[in-house]
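Written out below as structure tokens is the structure these notes cover.
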Amino acid sequence: MLLATQGRRIGRGAVAGGVVLIGLAFTALCVASLADAVDVPRHHLLFYALFDMLIVVLVHLSVGAWLARRAA
């Protein structure tokens with residue numbers, strides 16, 4: 001939702017990158033949980049790393065929105 005609301009401020013490339021990051025995290029979780037029978041822990045670690053990156057992006061976008069609203 002933050003990507004959609006701040007699309008003009010952060011640029012189209014950042015929105016596309018955020019959508020790709022969300023897709024990668026969802027795909028990694030689905031593969032590790034539903035489709036992988038051999039190396040489940042490694043794929044869950046990949047999901048955890050992607051999820052941590054999503055949290056960093058969320059904090060960055062939230063602080064940016066808060067600062068933009070405060071400045072206006």
How much accessible surface does residue 10 have with a 1.4 Å probe, in Å² rounded to 10?
-> 50 Å²
With the convex hull built on the Cα atoms of the chain, state its orientation-averaged projected area in nm².
-> 5.0 nm²
Measuring from its Cα centre, the chain shows a charge dipole (+1 at each Lys and Arg Cβ, -1 at each Asp and Glu Cβ) which, in debye to the nearest 20, is 560 debye
Helix axis angle, 40-71 relative to the chain longest principal axis, alpha carbon, degrees = 10 degrees
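How large is the helix-only mean residue ellipticity at 222 nm for the chain, computed as the sum of -39500 (n - 2.57) over DSSP H runs with n ≥ 4, divided by its residue count, in deg cm²/dmol to the nearest 500?
Taking each H run of at least 4 residues, the total per residue is -26500 deg cm²/dmol.
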When ligands, DNA and RNA are left out and all protein chains stay put, how many square angstrom of accessible area per residue does the chain have with a 1.4 Å probe?
-> 76 Å²
Heavy-atom accessible surface of segment 1-52: percent carbon and sulfur, 1.4 Å = 71 percent
Taking Cα atoms, how many degrees apart are the long axis of helix 12-30 and the longest axis of the chain, rounded to 10 and kept between 0 and 90?
-> 30 degrees
Using the charge dipole of the chain (Lys, Arg: +1 at Cβ; Asp, Glu: -1 at Cβ; taken about the Cα centre), state which of 40, 65, 23 has its Cα farthest towards the positive end.
-> 65
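The values are calculated or read from the model by the stated rules, or taken from the named source; none is laboratory data. Predicted model, so just to flag it, every value in this text is computed and none were measured. Positions of Cβ are backbone-derived with ideal geometry, glycine not excepted, and every protein chain shown enters the neighbour counts. SASA here: full protein model, heavy atoms, side chains in, ligands and nucleic acids out. Shrake-Rupley method; radii C 1.70, N 1.55, O 1.52, S 1.80 Å.
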